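Notes for the one structure printed next.
The values are calculated or read from the model by the stated rules, or taken from the named source; none is laboratory data. From a predicted model like this one, the values you see are computed outputs, not experimental measurements. Note: ideal-geometry Cβ built from the backbone for every residue, glycine included; neighbour counts use all protein chains shown. Note: areas computed on protein heavy atoms with side chains; ligands, DNA, RNA excluded. Shrake-Rupley method; radii C 1.70, N 1.55, O 1.52, S 1.80 Å.
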Amino acid sequence: MLVKICKIMTITSLILAFNTSAVQISECMSDECITYFKSFKKASNRGHSNAIYNLAKFYHYGFGTEIDKARALKFYKKAGIHGVRAAEYKAGMLLLTEEQLYDFDEGIKWLKRASRKGQPNAAFLLGQSYLSKQRYSEADIWLTMVYKTHPTKIVRWIKKSQQTEAFNAHNLPSLHQALAETPIENFEILKAASSSNIEVITITGRHRNTALDAMLAGFRKRITSTGTRLPNITCDQNVACNKKTLNVMKDSIWVSQK
């Protein structure tokens, strides 16, 4: 149990370092936050995928409601099924970092869904999760992928991990080969150069509210139907859905004729 908790804490610290969002949501129980929660809940009931995703974040961080990570997971999964890759990542993250929700196999499944859609943090967490289980060949695949496609995300972690016993060429051969071909120092220089030109913008409550109001305005638009109840799947793509003209229906053996 202690080992599992330590692994969860290690992965949690990683997530805190790389978890960013366009709208920063934090714990809030003011009347204003409660109103936003109710509005997003209504929009989620109408099937808006981003409303479902943000409702999950509200439950996750306690914005306008009590913190309920089990409900957050439920709505992250629901938004993920609707195609929101950030929600898939968050679902996997909760399943791997929350002791009460911990399910390694389920968490891995959601992270892979997000990673296949190009979510770099999901690939990074996959590598970390496999490494924590000493499943080195799988860890090697995902960590190497992150280093080759999003190197600046993993530079700091690599420098720290190089001091550990598990981080060696025997366990992670592909990653070490990638490091030999493209030394980590190259990306450290680039990261330092870019960070010196970054303008830091503090997101205040007003900026947050503007973003939330803009989303709610978008949710007022009707969802375009594809002819099925499956997101982004048209009737022609669904075997169980069959559209027929009136004349075809009249000729059908299923329609009784006088």
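Among (1) at pLDDT 95 or above; (2) among the β-branched types (V, I, T); (3) closer than 18 Å to G80 by Cα, there is one condition T20 misses while meeting the rest; what is its number?
That leaves (1) as the condition not met.
Just to be sure, is L101 in a loop (DSSP other than H, G, I, E, B), open to solvent by less than 40 Å² (accessible area, probe 1.4 Å), closer than 23 Å to A122 by Cβ and modelled with pLDDT of 95 or more?
So L101 fits the description; yes.
Exactly one condition in (1) without any contact (Cβ under 8 Å) to a residue 40 or more places away in the chain; (2) out of contact with any His (no Cβ under 8 Å at 6 or more places or on another chain); (3) not β-branched (V, I, T) is not met by K153; state its number.
(1)
From the set of residues in segment 32-58 that are under 17 Å from the mean Cα position of the chain (by Cα) and farther than 16 Å from G218 by Cβ, which is surrounded by the fewest Cβ atoms within 10 Å (Cβ to Cβ)?
K57
Would you call Q128 open to solvent by 40 Å² or more (accessible area, probe 1.4 Å) and either assigned to a loop (DSSP other than H, G, I, E, B) or within 23 Å of H150 (Cα to Cα) (or both)? Break it down stepwise before answering.
On the way: open to solvent by 40 Å² or more (accessible area, probe 1.4 Å): no; either assigned to a loop (DSSP other than H, G, I, E, B) or within 23 Å of H150 (Cα to Cα) (or both): yes.
The answer is no for Q128.
Starting from segment 206-219, keep only residues that are under 13 Å from E32 (Cβ atoms), then list their pairs with residues that are among the hydrophobic types (A, V, I, L, M, F, W, C) and open to solvent by less than 50 Å² (accessible area, probe 1.4 Å) whose Cβ atoms are within a distance under 6 Å, requiring at least 6 positions of separation or different chains.
R208/V23
For the subset of segment 157-167 comprising residues that are in a helix (DSSP H, G or I) and without any contact (Cβ under 8 Å) to a residue 12 or more places away in the chain, which member is least open to solvent (accessible area, probe 1.4 Å)?
Here the residue is S161.
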